[in-house]
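Here it is: the structure, laid out below.
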């Protein structure tokens, strides 16, 4: 009876990066109500949520009228009740963890305070839509932990993931990688991939990230060669390497 050769799984590269993803969309005449069917004119990374722009915020833009979309994650240092304060001189929509907290799509200077919400996860998804209607653009986002004062969100708490795929490398062909979510949800499910040319690739949707899961690796005979005892936290863009134990 042959001995099953077992291995270990190590993360070589993280898909979680500092900053937030920012996309600028140009518009003319009537401002669109969303950007779902629009292509961005500019895509860049920003490292703070409060900014003032005079004229175009990026030289690659052709006009002063633009919609700014910001996406990423806020990492909290302490779980609890939070409130967000937003100042803008144009339309604003603001989501945390897919909940629309502010919806004021009007062309004027405005101050909005979100309802109080419980932030219990370490990483919380953020999305902002802001549209500019004049040469001066202003967006200010502060947060307030209940019992404290509104302050700017530190850049060390802002992150984004670089993609929607997780890569497992150095895996012999026809081995299978299985990821099992720790908590059940309607968007998270068991995922599998079979290695080809030493690589196994799994798609991880935006709404699934970050995904806490257990990982198993099975050889070509379906025999277990690796199983995690503690959950992994997966981000799109992560690269893991499988090595056989000596």
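Residue 155 passes all but one of (1) within 30 Å of residue 110 (Cβ to Cβ); (2) out of contact with any strand residue (DSSP E or B) (no Cβ under 8 Å at 6 or more places or on another chain); which number fails?
That leaves (2) as the condition not met.
Something else: Condition first: touching a residue at least 40 places away in the same chain (Cβ under 8 Å), more than 11 Å from residue 10 (Cα to Cα) and under 17 Å from the mean Cα position of the chain (by Cα). Now tell me which residues in the range 223-246 satisfy that.
234, 235, 236, 237
Residue by residue through the range 209-246, note down the ones that are within 22 Å of residue 71 (Cβ to Cβ) and outside any strand (DSSP E or B).
209, 210, 235, 236, 237, 238
I need the strands (runs of 3 or more DSSP E) fully contained in the range 64-131, keeping only those with at least 1 residues that are surrounded by fewer than 20 Cβ atoms within 10 Å (Cβ to Cβ) and touching a residue at least 24 places away in the same chain (Cβ under 8 Å).
66-75, 80-88, 91-96, 110-113, 117-119, 123-131
Looking only at the range 66-78, count every residue that is more than 19 Å from the chain's Cα centre (by Cα) and within 20 Å of residue 127 (Cα to Cα) and tell me the total. Walk me through it before giving the result.
Looking only at the range 66-78, we keep the residues that are more than 19 Å from the chain's Cα centre (by Cα), and these are 66-67, 78.
Filter once more, so that each one left must be within 20 Å of residue 127 (Cα to Cα): 66-67.
Total satisfying the criteria: 2.
Right, something else. On the given criteria, is residue 138 in the same structural domain as residue 30 (by TED's automatic domain parsing) and in a strand (DSSP E or B)?
Yes, satisfied.
The values are calculated or read from the model by the stated rules, or taken from the named source; none is laboratory data. Small disclaimer: the values here were computed from a predicted structure and weren't measured. Using ideal geometry, Cβ is built from the backbone for each residue, glycine included, and neighbour counts are taken over all protein chains shown.
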